[in-house]
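The values are calculated or read from the model by the stated rules, or taken from the named source; none is laboratory data. Keep in mind it's a predicted model, so treat the numbers as computed, not measured. All Cβ positions, glycine included, derive from the backbone under ideal geometry; neighbour counts span all protein chains shown.
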Amino acid sequence: MKQVLILNITRMGDLVQMGALLSRLQEEWPGAAVDLVVDRRFAAVAALLKGLRQVIPFDFHALIDESRAVVKDVVSLYQDMKLWVKPLTECRYDRIINLTFNRPSALLAGALGARDIRGARSAWDGGMVVDNPWMAYFCDFHQFRRFNRFNLVDIYALGGSGPGAFSPLHIMIPDDDRAWARQILAGSSQWVAVQAGASDVMKAWRPHLFGLSLARLSQQWHGGFVFIGSAEEDATIAEVMRVYREAGGRNPVKNLAGRTTLSQLAALLAECRSLLTNDTGPMHIGVAVGTSVIDLSVGHVDYQETGPYGRGHWVIQPELECAPCGFEQVCAHHACKDRISPTLVADLLLHVLKDMPSPSHVSGVRVYMSDVDADGLGTFRLTLGTESSVTAWYAGFWRRYWYETHTGICSKLPAPDGPPPDARQARESIQHLIPLLETACRRADEICRLAGQGPRSLGQLKRLQQEQGVEQQRLHLVGMNSAATAPITAAFLRHLHSDNVKGLDRLARHHAGAYRTYLTRVLDVERGLFGAPETDVCVTSNLRPNMRQTKPAQRAA
């Protein structure tokens, strides 16, 4: 029997989003025993997941706090952790899947050890590397977010296992919690769940706009509203309710934020017709219990990455050049939140609840419906608003490219029509890159030759490495400046710095391999954009063998 250990110690939503991975592992290895290491705060969420042999909780936050406050000395902390890890080491797992991209989890994955580690693990020098190409992609796509079309659910499944049949998210709900939810919601025949708050204010739509939306909805729909979330959201909910009542809302309302267990929350959402929410952990629970979700995608949230997975959900995203903003950005205006009108939200809810016509005339936003594509992956289809032609074209191109590159399977999705909208700029960028890369490859090969000699010419090596450093900066500037090359440039830079090797000669060979892979990809992209007579040519048919087999070990940011 195969044994798999998953490390996922960050957030509630990340746990629910493992659903496809758990199904895929059973598809790959029927009967596999899958264990999960989770932070103790989220053990209750993990208990609802199907496909786990055991959930192994640990108070990682207490460990970090004790380390910072010097409650225990380093030796004691190490001994405690070693004692806890010992039974896991003795299991001799066939595969470890680390879905938490930080140094503590990487250290844990490396200490447990397995022949097949996917995700972050510790490097020989104490750094961190990521061994699987899909996991490495997860670390890279924040540099080209507007072209990414892979949901985190699919990245987990593809990286932790591989391609396979579509599997919707699913969690188990105890019968007594179902009965409790039905009793709590007995005051009305239909309910809409609402989460007006979020763990990060950047991700939360404005409370007064929630209130206006619900008031408008109540004019044509007479069910009830139940607020969910944490107890810390009571002030936000009070503001929503004040605006709701002042705008004429009279439907039944219940505030259960902070008043349910996680399994009760799941049961509650399963009884609701729809969930109106910011991008939150409960949003994914709503998806997993089959409730139709309307996701308000604001701030640094990108629905393509973490939006509701599968069929039948809705996303509203503001049309702004800066949306979504970067993770490290501090926004002074939050203007994206004012682009979403309460009228649009109410009309979309009426479409879901009463099968009324979906909104057809609106400005300043895009509306998407979630779906499953021909490759069996989650996708979002634009139903209202406009997308940049450049963004739409390259999003389709890179979606096919990475799927085919990392799986070796030809995508069933059609290639984008015609040449890219910025064909001239794309061609110029590629033609600029190719001679730079050819020179860089020759220099890298010369460094390999000198590094393998003895005695070495250190002066010449140092000069060549300095020239190589200048070259890297130039390649970065040129490559990241074009939609035709930015994703493969980001992958190259991560590959280059994933130097988990000992010895100058091995380091030189690693760098040379990164340059060759980058050049190979640039040439293949050039063929894909301009050289193939048929637009549906499979990318994998153009890949050189060394490219197909590449599994870059990449250092996380």
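In table form, for the structure just shown:
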| read-out | value |
| --- | --- |
| Residues that are touching a strand residue (DSSP E or B) at 6+ places or on another chain (Cβ under 7 Å) and either free of Cβ contacts under 8 Å to residues at least 12 places away in the same chain or surrounded by 15 or more Cβ atoms within 10 Å (Cβ to Cβ) (or both), drawn from segment 373-386 | Asp373, Gly378, Thr379, Phe380, Thr383, Leu384, Gly385 |
| Helices (runs of 4 or more DSSP H) completely within segment 1-87 that count 2 or more residues being surrounded by fewer than 19 Cβ atoms within 10 Å (Cβ to Cβ) and at pLDDT below 85 | 60-69 |
| Some residue of segment 351-361 being of a type in the set (A, V, I, L, M) and within 18 Å of Ser297 (Cβ to Cβ) | yes |
| Helices (runs of 4 or more DSSP H) completely within segment 217-301 that count 3 or more residues being more than 28 Å from Asp175 (Cα to Cα) | 234-246 |
| Filter pass, Gly326 being at pLDDT below 95 and either out of contact with any Ser or Thr (no Cβ under 8 Å at 6 or more places or on another chain) or assigned by TED's automatic domain parsing to the domain that holds Phe380 (or both) | yes |
| Odd one out for Thr550 among (1) of a type outside the set (A, V, I, L, M); (2) farther than 30 Å from Ser389 by Cβ; (3) crowded, with 19+ Cβ neighbours inside 10 Å; (4) modelled with pLDDT of 85 or more | (4) |
| Residues located in segment 333-343, provided they are in contact with a strand residue (DSSP E or B) (Cβ under 7 Å, 6 or more places away or on another chain) and either acidic (Asp, Glu) or surrounded by 21 or more Cβ atoms within 10 Å (Cβ to Cβ) (or both) | Cys336, Ile340 |
| Boolean, Tyr368 is in contact (Cβ under 8 Å) with a residue 60 or more places away in the chain, of a type in the set (Ser, Thr, Tyr) and part of a helix (DSSP H, G or I) | no |
| Residue within segment 475-492 that is without any contact (Cβ under 8 Å) to a residue 24 or more places away in the chain and surrounded by fewer than 17 Cβ atoms within 10 Å (Cβ to Cβ) present | yes |
